[in-house]
Ligand SMILES: Nc1ncnc2c1ncn2[C@@H]1O[C@H](COP(=O)(O)OP(=O)(O)OP(=O)(O)O)[C@@H](O)[C@H]1O
Ligand SMILES: [Mg+2]
């Protein structure tokens, strides 16, 4: 449509309020199918961090609508919050959904660039400088574009632990956020306008932990508490404002504060992690079996791995120690056959997990017998395969 036609239409529409019968109300909250599917898949993978999921899916919707600006990145998000709460995982999950690979992103660990001269690893050295030919810049256009597919020509760029960045890296980051452009050592220009820039930091995490742990008047937290969430959010945003310059804060689309995870959320993450273990077993080649887990085995792992200060990491360690290592032994010693159902329970001492199997045919009967009743906690088991 030409500018002239646009002007004529605007004039015809008039400037009055749109109350006539021929005005149709629009639903500006509706997402297109691709964006809602992306959002649903993120919700399946990321537990209890709805703001992060919504922020990422909003950016994706703007990208799909081609409403982005050529001189700005697709999005600029700052993820704050405690360790092991899903900041990095959210970006990995987004890459996994759009590109089928959680590594399909460019990750810059700012702690590795604490000295200004190290910036040459990111942008290369100018011609004539030592190492000009040997160092291939991490932030070149080819590297940014390498995961693009026909449907998705966007890139997630993750700057982890930005509070550790050197001054030179800050300048570079500001350039990316401001103009979506940087100039490499050899003067080539790199365009970041198709990039979603996500920066993470643990700033304010200790103060947030004190609030959730109850040291300043709150009790141990098990469920969503809107007032507490708002308070934690304020702590994060204030910490960011204290630490970072106003130019930086001004260039962000959103600061997302991740919550510390409740026991209930960790239980949901446990189920996701089981599915990941099941997939690992399938991909190992020797593990074509179905993993099934008693509720009390889940309780055992949660008890072993619950530590609010360290989020999911102790839980993941408990899964590795009590489940993945014994399963690896079972696979390597060929005690499990193709199609077996491997059932994980707690042994009689209550201090270890134990493993039993049923061969394929018996397993099918057994699965049918339990599929009707998901029963009580004690011994009920559900197949874990997705
Ligand atoms: N909210 C969550 N939903 C699902 N899985 C999660 C969540 N939080 C953490 N995890 C699991 O725990 C692992 C560690 O989380 P992640 O690396 O995202 O922590 P982080 O917030 O980036 O911590 P840090 O500040 O230490 O880098 C993830 O790989 C994932 O398996
Ligand atoms: Mg991280």
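Meeting the requirement of 3 or more residues that are under 21 Å from residue 91 (Cα atoms) and touching a strand residue (DSSP E or B) at 6+ places or on another chain (Cβ under 7 Å), the strands (runs of 3 or more DSSP E) wholly within the stretch 150-209 are 155-160, 195-201.
Restrict the check to the stretch 63-71 and report whether at least one residue is touching a helix residue (DSSP H, G or I) at 6+ places or on another chain (Cβ under 8 Å) and either within 20 Å of residue 41 (Cα to Cα) or free of Cβ contacts under 8 Å to residues at least 12 places away in the same chain (or both). Yes, some residue in the stretch 63-71 is touching a helix residue (DSSP H, G or I) at 6+ places or on another chain (Cβ under 8 Å) and either within 20 Å of residue 41 (Cα to Cα) or free of Cβ contacts under 8 Å to residues at least 12 places away in the same chain (or both). Taking the condition surrounded by fewer than 18 Cβ atoms within 10 Å (Cβ to Cβ), within 16 Å of ligand 1 (Cβ to nearest atom) and within 25 Å of the chain's Cα centre (by Cα), does residue 207 pass? For residue 207, the condition - surrounded by fewer than 18 Cβ atoms within 10 Å (Cβ to Cβ), within 16 Å of ligand 1 (Cβ to nearest atom) and within 25 Å of the chain's Cα centre (by Cα) - is met.
Return the total of residues in the stretch 74-89 being within 12 Å of ligand 2 (Cβ to nearest atom) and assigned to a loop (DSSP other than H, G, I, E, B). Selection size over the stretch 74-89: 6. Restricted to the stretch 41-91, and to residues that are on the phi > 0 side of the Ramachandran plot and out of contact with any strand residue (DSSP E or B) (no Cβ under 8 Å at 6 or more places or on another chain), which residue is farthest from ligand 1 (Cβ to nearest atom)? Residue satisfying both the conditions and the ranking: 66. Only residues that are in contact (Cβ under 8 Å) with a residue 60 or more places away in the chain and either crowded, with 22+ Cβ neighbours inside 10 Å or not in a helix (DSSP H, G or I) (or both) were counted across the stretch 245-265, and they come to 12. When we screen 92, 161, 96 for residues that are within 16 Å of ligand 2 (Cβ to nearest atom), closer than 21 Å to residue 247 by Cβ and under 17 Å from the mean Cα position of the chain (by Cα), the only hit is 161.
Hey, can you tell me all the residues within the stretch 100-118 that are part of a helix (DSSP H, G or I), surrounded by fewer than 20 Cβ atoms within 10 Å (Cβ to Cβ) and away from ligand 2 (no atom under 15 Å from the Cβ)?
Listed by number, the residues that qualify are 116, 117, 118.
Restricting 277, 237 to those that are farther than 30 Å from residue 173 by Cα, surrounded by fewer than 21 Cβ atoms within 10 Å (Cβ to Cβ) and either in the same structural domain as residue 207 (by TED's automatic domain parsing) or at pLDDT below 95 (or both) reduces the list to 277.
Taking the stretch 291-386 and the strands (runs of 3 or more DSSP E) fully enclosed by it, the elements with 2 or more residues that are on the phi < 0 side of the Ramachandran plot and either surrounded by fewer than 16 Cβ atoms within 10 Å (Cβ to Cβ) or at pLDDT 85 or above (or both) are at 341-346, 353-358.
The values are calculated or read from the model by the stated rules, or taken from the named source; none is laboratory data. Since this is a predicted model, take the numbers as computed values, not measurements. Note that each Cβ is placed from the backbone with ideal geometry, even for glycine, and that neighbours are counted across all protein chains shown.
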